[in-house]
Amino acid sequence: MYDFVLFGGDIRQIYMARYIQSLGYSVITYGLSHPMIQDICKQAASFSEVVSSGNILIGPIPLSKDNTSIPALTALSDLNIETLLQFMHKDQILFAGMIPEPVALYCNEHQIILYDFMKEDSVAIQNGIATAEGAIMEAISKSNGNIHSSSVLVLGFGRCAKVLAHKLSGLDACVTICARKDADLAYADSFGYETCSFHDLPEKIDSFDYIFNTIPYIVLPKELLCLIQEDTTIIDIASIPGGLDYPAAKALNLNISHSLGIPGKVAPKASAEILANYCLKKTTCRKKVSP
């Protein structure tokens with residue numbers, strides 16, 4: 001049996017496997033064929049084999065985009081949710097991100113311990129750093145101006161938006177926060193940001209050089225998109241379907257980028273170590289309290 005089982009995902013999983021192995025743990029992988037780990041980590045012959053090879057399973061972010069297949073660097077026909085559920089067993093621990101509801105229900109019913117990376121504040125906040133830096137990098141590459149002295153709108157004021165607003169402010173942008181909750185607007189005001197409600201947005205949205213959306217549902221419908229200046233750069237970092245009416249935005253020829261999975265693209269090594277350390281902390285804590 002191996003200490004850790006890693007399957008599917010992007011380059012973060014490669015860095016995770018390498019990092020965990022460097023700490024003296026045994027690691028087996030599937031769907032992660034890569035030169036960085038080919039000589040140090042065992043590659044399983046099948047998904048059923050790898051799921052049965054250890055009690056600590058680490059899947060990708062997201063675990064599945066369609067509730068059927070599991071994304072991987074190496075496409076494999078058996079790397080799917082059906083096989084995962086078939087071979088998982090009682091007392092295993094599953095780590096992954098954006099875990100589909102059927103998987104969560106199955107784990108609860110079969111006494112499989114489940115940790116969703118995206119629901120853990122410590123992971124989300126630390127990964128928010130890479131997301132914020134990547135979003136700003138994307139904005140700079142897509143625009144013809146500077147962040148410095150620009151007028152920037154951040155939609156939402158959750159964990160990632162807080163980090164993003166702070167980074168933008170550090171670049172001397174004039175940051176405005178738009179959120180639905182009065183408490184979020186009060187916090188934003190206390191941090192020195194300008195604030196506005198969604199009710200006021202139609203009157204103000206044409207004044208921004210950059211718009212960053214962090215809200216994972218449509219907050220910029222066609223009616224608002226029509227009011228945005230054509231040279232405004234819009235970066236949407238919300239998960240699918242995002243926060244914009246994309247067909248309308250395309251018809252209006254707006255400068256938009258839907259940037260998904262930023263940590264895995266711009267800071268895979270740092271993000272991998274955040275995820276690996278979280279897994280190690282959770283599994284070590286469980287071992288300490290075990291009889």
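Below is a table of values for the structure above.
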read-out: Checking residue 103 against (1) closer than 21 Å to residue 12 by Cα; (2) surrounded by 13 or more Cβ atoms within 10 Å (Cβ to Cβ); (3) aliphatic (A, V, I, L, M); (4) in the same structural domain as residue 284 (by TED's automatic domain parsing), the condition it does not meet; value: (1)
read-out: Restricting segment 72-100 to residues that are at pLDDT 95 or above and of a type in the set (Asp, Glu), the residue that is surrounded by the most Cβ atoms within 10 Å (Cβ to Cβ); value: 78
read-out: Test: residue in segment 37-46 that is among the hydroxyl-bearing types (Ser, Thr, Tyr), over 26 Å from residue 131 (Cα atoms) and either under 24 Å from the mean Cα position of the chain (by Cα) or not in a strand (DSSP E or B) (or both); value: yes
read-out: Residues of segment 62-121 satisfying the condition of being assigned to a loop (DSSP other than H, G, I, E, B), within 15 Å of the chain's Cα centre (by Cα) and charged (D, E, K, R); value: 65, 120
read-out: Hits in segment 157-194 (condition: in contact with a Cys (Cβ under 8 Å, 6 or more places away or on another chain) and either of a type outside the set (A, V, I, L, M) or surrounded by fewer than 17 Cβ atoms within 10 Å (Cβ to Cβ) (or both)); value: 176, 178, 194
read-out: Residue in segment 216-268 that is modelled with the highest pLDDT, counting only those that are in contact with a Lys or Arg (Cβ under 8 Å, 6 or more places away or on another chain) and within 27 Å of residue 8 (Cα to Cα); value: 257
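The values are calculated or read from the model by the stated rules, or taken from the named source; none is laboratory data. Model, not experiment: these values are computed from the prediction. Here the Cβ is made from the backbone with ideal geometry for all residues, glycine too, and neighbour counts use every protein chain on show.
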